[in-house]
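Novice: Structure provided below as structure tokens; questions to follow.
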Amino acid sequence: MTTFAYLSQTGFLAAPAPAADTPFAVAGIAWDGSTTNRPGARMAPRAIRQASQMLCDGTHPHFDVSPLGQLGDAGDLPLPNTSLERLRAALPAQVDPLIRAHHMAWLGGDHSITLPLLQAYRTWLGRPLAVIHFDAHCDTWDSHFGEASGHGTWVYEAMQQGLVLDACFTQIGIRSAGERAAREYVADRGGQIFTARSLRGLESPSQLAPVLQAVRQRLAEHGNPPVYLSLDIDCLDPAFAPGTGTPEPGGLSTSQVLTILEELADLPFVGMDCVEVSPPYDHAELSSQAAAHFVWTYLCGQVAKRPRVGGV
Ligand SMILES: [Mn+2]
């Protein structure tokens with residue numbers, strides 16, 4: 001089974017297909033059937049790969065490592081692309097072997113892909129995960145324009161399904177319109193929310209130190225559980241990432257996000273996704289460049305601290 005999106009192309013950082021023992025891998029989930037506003041995220045994996053070509057040898061200036069040699073690109077998963085139910089039904093057979101073989105970075109796709117990914121990690125690890133969630137949107141709605149599941153419901157569903165540790169769920173960059181019950185849902189469940197407003201003017205490691213410390217302390221209080229990173233590109237201000245489906249002005253800067261990713265790289269991460277890049281609405285590849293830098297920074301932070309979390 002193939003989709004239009006399953007095309008031969010150069011891998012992320014020009015990495016080859018992963019071998020069985022390749023420590024790290026990326027894979028694309030080119031699905032945007034749950035987008036509620038501007039579509040196009042199905043085209044993001046190839047745009048992010050294209051943007052990553054500018055990273056040359058991949059050596060990161062902060063971590064002083066390159067993931068090349070330890071990284072493979074498994075391409076875009078061949079999946080149904082018009083039915084969320086069928087997409088989610090088809091995902092485990094492809095996702096499960098990848099997360100057991102490699103530390104994965106998933107290239108979305110809209111944000112509805114994160115729920116089945118968390119289900120896969122929850123099953124694999126046998127325990128709920130901590131989550132660090134960058135987003136303009138809380139994604140805690142219990143229905144989405146008349147549908148029970150979509151790209152704005154996965155946080156609610158993940159908590160309802162026991163996939164995540166509510167107290168170790170951290171949201172960063174939240175600012176969209178929404179009723180209090182949705183906006184504060186994660187905090188009401190015991191998690192932490194750092195709104196975009198609360199982060200205005202905080203960019204350097206020292207300025208962000210209270211935020212970083214709060215995240216660390218919460219994880220430490222719960223035995224430092226495995227952490228999943230879900231990074232919606234619309235956490236960024238549209239000035240930094242115009243190419244996204246539901247842009248929200250007044251967002252984070254690329255530097256703010258990079259500071260947090262760099263400073264928290266030592267947390268026990270088990271995987272990440274970067275979602276909601278919409279290339280048709282991008283300008284000068286700003287959004288796909290930011291996404292490529294975020295994924296690359298995450299991977300370099302993990303490469304720098306090998307051996308891997310969990311020993312796999
Ligand atoms: Mn969002």
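The values are calculated or read from the model by the stated rules, or taken from the named source; none is laboratory data. The shown structure was predicted, so the numbers you read here are calculated from the model rather than taken from an experiment. Quick reminder, even Gly has a Cβ in these numbers, built from the backbone with ideal geometry, and neighbours come from all protein chains shown.
Novice: Out of region 128-148, which residues are of a type outside the set (A, V, I, L, M, F, W, C) and either closer than 22 Å to P249 by Cα or at pLDDT 90 or above (or both)?
Specialist: First, the residues of region 128-148 that are of a type outside the set (A, V, I, L, M, F, W, C): 128, 133, 135, 137, 139-140, 142-144, 146-147.
P128, H133, D135, H137, D139, T140, H144 - these are the residues of region 128-148 that are of a type outside the set (A, V, I, L, M, F, W, C) and either closer than 22 Å to P249 by Cα or at pLDDT 90 or above (or both).
Novice: Now a separate question. Looking at region 39-63, which of its residues are farther than 19 Å from L261 by Cβ and in contact (Cβ under 8 Å) with a residue 40 or more places away in the chain? Lay out the reasoning, then the answer.
Specialist: Taking region 39-63 as the starting set, the residues that turn out to be farther than 19 Å from L261 by Cβ are 39-43, 45-47, 49-50, 53, 56-57.
If the condition is that a residue be farther than 19 Å from L261 by Cβ and in contact (Cβ under 8 Å) with a residue 40 or more places away in the chain, then P39, G40, A41, R42, M43, P45, R46, A47, R49, Q50, Q53 are the ones that fit.
Novice: Please go through (1) among the aliphatic types (A, V, I, L, M); (2) over 13 Å from the mean Cα position of the chain (by Cα); (3) more than 24 Å from R216 (Cα to Cα) for L125 and return the number of the only condition it doesn't satisfy.
Specialist: Status for L125: all satisfied but (3).
Novice: All but one of (1) touching a residue at least 40 places away in the same chain (Cβ under 8 Å); (2) away from the ligand (no atom under 16 Å from the Cβ) hold for C235, so report the exception by its number.
Specialist: Only one criterion is unmet by C235, namely (2).
Novice: Tell me, yes or no, whether region 217-229 has at least one residue that is within 16 Å of the ligand (Cβ to nearest atom) and either in contact (Cβ under 8 Å) with a residue 24 or more places away in the chain or in a loop (DSSP other than H, G, I, E, B) (or both). Talk me through it step by step, then tell me what you get.
Specialist: Quick first cut of region 217-229, residues within 16 Å of the ligand (Cβ to nearest atom) only: 229.
From what is left, the residues that are either in contact (Cβ under 8 Å) with a residue 24 or more places away in the chain or in a loop (DSSP other than H, G, I, E, B) (or both) are 229.
Yes: region 217-229 contains one or more residues that are within 16 Å of the ligand (Cβ to nearest atom) and either in contact (Cβ under 8 Å) with a residue 24 or more places away in the chain or in a loop (DSSP other than H, G, I, E, B) (or both).
Novice: Outside any loop (DSSP other than H, G, I, E, B) and touching a Lys or Arg at 6+ places or on another chain (Cβ under 9 Å) - does that describe any residue in region 290-297? Break it down stepwise before answering.
Specialist: Step one: list which residues in region 290-297 are outside any loop (DSSP other than H, G, I, E, B), which gives 290-297.
Keeping just the survivors that are touching a Lys or Arg at 6+ places or on another chain (Cβ under 9 Å) gives 292.
Checking region 290-297: at least one residue is outside any loop (DSSP other than H, G, I, E, B) and touching a Lys or Arg at 6+ places or on another chain (Cβ under 9 Å).
Novice: Of the residues that make up region 169-181, is at least one among the aliphatic types (A, V, I, L, M), in contact (Cβ under 8 Å) with a residue 60 or more places away in the chain and out of contact with any Ser or Thr (no Cβ under 6 Å at 6 or more places or on another chain)?
Specialist: Yes; the residues of region 169-181 include at least one that is among the aliphatic types (A, V, I, L, M), in contact (Cβ under 8 Å) with a residue 60 or more places away in the chain and out of contact with any Ser or Thr (no Cβ under 6 Å at 6 or more places or on another chain).
Novice: Pick out the one residue from G146, G150 that is surrounded by fewer than 24 Cβ atoms within 10 Å (Cβ to Cβ) and within 13 Å of the ligand (Cβ to nearest atom).
Specialist: Matching residue, one of G146, G150: G150.
Novice: Give H137, H133 a once-over and let me know the one that is within 29 Å of E221 (Cα to Cα), within 12 Å of the ligand (Cβ to nearest atom) and either among the aromatic types (F, W, Y) or assigned to a strand (DSSP E or B) (or both). Spell out the reasoning first.
Specialist: Numbers: H137 fails: either among the aromatic types (F, W, Y) or assigned to a strand (DSSP E or B) (or both).
It is H133.
Novice: Considering only region 181-214, state which residues are surrounded by fewer than 18 Cβ atoms within 10 Å (Cβ to Cβ) and within 16 Å of D232 (Cβ to Cβ).
Specialist: Within region 181-214, T195 is the sole residue that qualifies.
Novice: Answer with yes or no whether A241 is closer than 23 Å to S198 by Cβ, part of a helix (DSSP H, G or I), modelled with pLDDT of 95 or more and aliphatic (A, V, I, L, M).
Specialist: So A241 does not fit the description; no.
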